[in-house]
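Below is one structure, written out as structure tokens; comments come after it.
The values are calculated or read from the model by the stated rules, or taken from the named source; none is laboratory data. Treat the numbers as computed from the prediction; the structure is a model and nothing was measured. Cβ sites come from the backbone with ideal geometry, for glycine too, and all protein chains shown count toward neighbours. These area figures cover heavy atoms from the full protein model, side chains too; ligands, DNA and RNA do not enter into them. Shrake-Rupley method; radii C 1.70, N 1.55, O 1.52, S 1.80 Å.
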Amino acid sequence: MCAVVTLSACGSDNGSGDSAESGELTPVTFAMASPSWNAGYAVMAVVEAEGFYEQEGLKVTTNLFPSATQAAQQVAGGGADLGLMTVEPVAIGHDKDLDLAYFSSYWAKWIYSLQVPDGSAVRSIADLKGKKIGVSAVASSGATFARTAMELNGLGQNGATLVPIGAGAQQINAIKSGQVDALALWDIQYQIVRNAGVTLTPLPIKETADAWGGGFATSRKNLEAKKDVLERFGRAVAKAFVFAKANPEAAIRDLWKLYPETRGSEPEEKALADGVKVLEVRLDGQGFDDKTLGRIDEAAFTRSLDFMASAGLIKKFPAKEIYTDAMFKAFNEFSHDEVVKQAESAG
């Protein structure tokens, strides 16, 4: 990988946002691991729509990438200054000198699971033998998770057939029509399927219970050299989380305003209610009450690494080698009450 492009930091070192007051904004290129915008990323739309980046003296350009692996490669190769990605590409890249590390949490919980429609005879992973599992793509993280879960539970990686079913309406049609017997997706995708009237039951997978899901990563060099910029970015996102928690409907409307295609064709009342349900999946367990937004839990991170190591995806190493938890206090250094008032007054 070529050297990561450094961030050009303007403004004070204390993260107070003085650069915004002087009219100077620090440019930041952000890689987000998602093929498209949806309600699960409404918080990241709120950051922009409500001016939280500018408050922190940042001018952020967000680029979408279809997978966490591609987002990680962008950051490692210099195409982005930081990225939002699940845990596996940085962990797997540890032995390949990817030299990335997380500095803030976003997915407080492991997001992947295997689920079956209600009434299915499948009760465990062993019951999936010879069945068809729907995945967004055969190279997706959900597909990797399915193979790993089957391997760990004695079924073998090829014990069931992985069927690519895309996203949205394709996923819903695939499960309703019986094209697949189970799904290997992630949390907000399951909520979208439930919004369409499909009731699902998760299969028990003990290895990922209480595991960490992922967050914002950058190069290890930038953890020190550009700590101020990273803290300001994390604080802007924390403000957006507080706003979205206080007024999730306003958060969904911010998403619609910036990305009208996410509105869909449903009547407004249903579209809004469905969007809020998806957003609330992302808001769960973030650390609002004790103001620890962005905190990475070492025990949960270690659980994630244990899962990947037990499947032979990585060699075992200490979690601290690919993350720092030194910044979350700075992320929460703002008036939560003022942000809540801003949210409550939003139309």
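Being more than 18 Å from residue 108 (Cα to Cα) and in contact (Cβ under 8 Å) with a residue 12 or more places away in the chain holds for only one residue in 220, 263, 282, and it is 220. Candidates in the stretch 287-324 are the residues that are over 13 Å from residue 92 (Cα atoms) and aromatic (Phe, Trp, Tyr); of these, the one that is farthest from the chain's Cα centre (by Cα) is 288. Of the set (1) in a helix (DSSP H, G or I); (2) open to solvent by 40 Å² or more (accessible area, probe 1.4 Å); (3) under 26 Å from residue 280 (Cα atoms), all apply to residue 94 but (3). For the residues 73, 115, the requirement of being surrounded by 18 or more Cβ atoms within 10 Å (Cβ to Cβ), part of a helix (DSSP H, G or I) and out of contact with any Cys (no Cβ under 9 Å at 6 or more places or on another chain) singles out 73. Between a residue in the stretch 31-50 that is hydroxyl-bearing (Ser, Thr, Tyr) and any residue that is open to solvent by 10 Å² or more (accessible area, probe 1.4 Å), which pairs come within a Cβ distance under 7 Å, given they are 6 or more apart or on different chains? Qualifying pairs under 7 Å: 34/41; 34/64; 36/64.
Residues checked against (1) charged (D, E, K, R); (2) open to solvent by less than 20 Å² (accessible area, probe 1.4 Å); (3) modelled with pLDDT under 95; (4) not in a loop (DSSP other than H, G, I, E, B):
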| residue | (1), (2), (3), (4) |
| --- | --- |
| 28 | no, yes, no, yes |
| 37 | no, no, yes, no |
| 42 | no, yes, no, yes |
| 53 | no, yes, no, yes |
| 62 | no, no, no, yes |
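A single entry from 309, 244, 300 fulfils the requirement of being assigned to a helix (DSSP H, G or I) and either open to solvent by 40 Å² or more (accessible area, probe 1.4 Å) or within 25 Å of residue 52 (Cβ to Cβ) (or both): 244. Residue 237 fulfils the conditions (1) open to solvent by less than 20 Å² (accessible area, probe 1.4 Å); (2) assigned to a loop (DSSP other than H, G, I, E, B) except for a single criterion, (2). Taking the stretch 223-259 as the range and being among the aliphatic types (A, V, I, L, M) and either in contact with a strand residue (DSSP E or B) (Cβ under 8 Å, 6 or more places away or on another chain) or free of Cβ contacts under 8 Å to residues at least 12 places away in the same chain (or both) as the test, the residues that pass are 223, 229, 230, 236, 237.
Collect the residues in the stretch 212-234 that are part of a helix (DSSP H, G or I) and touching a Gly at 6+ places or on another chain (Cβ under 7 Å), keeping them in residue-number order. Across the stretch 212-234, the qualifying residues are 228, 231, 232, 234. Inside the stretch 80-107, residues that are of a type in the set (A, V, I, L, M, F, W, C) and farther than 20 Å from residue 140 by Cα make up a count of 5. Go through the stretch 327-338 and give me each residue that's open to solvent by less than 80 Å² (accessible area, probe 1.4 Å) and either in contact (Cβ under 8 Å) with a residue 60 or more places away in the chain or among the acidic types (Asp, Glu) (or both). Residues satisfying the conditions are 327, 328, 330, 331, 332, 334, 336. Of all the residues in the stretch 110-164, those that are among the acidic types (Asp, Glu) and either touching a residue at least 60 places away in the same chain (Cβ under 8 Å) or in contact with a Leu (Cβ under 8 Å, 6 or more places away or on another chain) (or both) number 2. When the stretch 158-187 is filtered for residues that are in a helix (DSSP H, G or I), surrounded by 15 or more Cβ atoms within 10 Å (Cβ to Cβ), at pLDDT below 90 and within 23 Å of the chain's Cα centre (by Cα), the ones remaining, listed by number, are 171, 172. For the stretch 256-275, does any single residue satisfy the condition of being among the hydrophobic types (A, V, I, L, M, F, W, C), in a helix (DSSP H, G or I), crowded, with 16+ Cβ neighbours inside 10 Å and within 18 Å of the chain's Cα centre (by Cα)? Among the residues of the stretch 256-275, not one is among the hydrophobic types (A, V, I, L, M, F, W, C), in a helix (DSSP H, G or I), crowded, with 16+ Cβ neighbours inside 10 Å and within 18 Å of the chain's Cα centre (by Cα), which makes the answer no.
Name the one entry in 218, 144, 199, 148 that is within 23 Å of residue 123 (Cα to Cα), open to solvent by less than 20 Å² (accessible area, probe 1.4 Å) and of a type in the set (Val, Ile, Thr). From the options 218, 144, 199, 148, the qualifying one is 148. Looking across the stretch 133-157, the residues that are within 21 Å of the chain's Cα centre (by Cα), small (Gly, Ala, Ser) and not in a helix (DSSP H, G or I) come down to 134, 136, 137, 139, 140.
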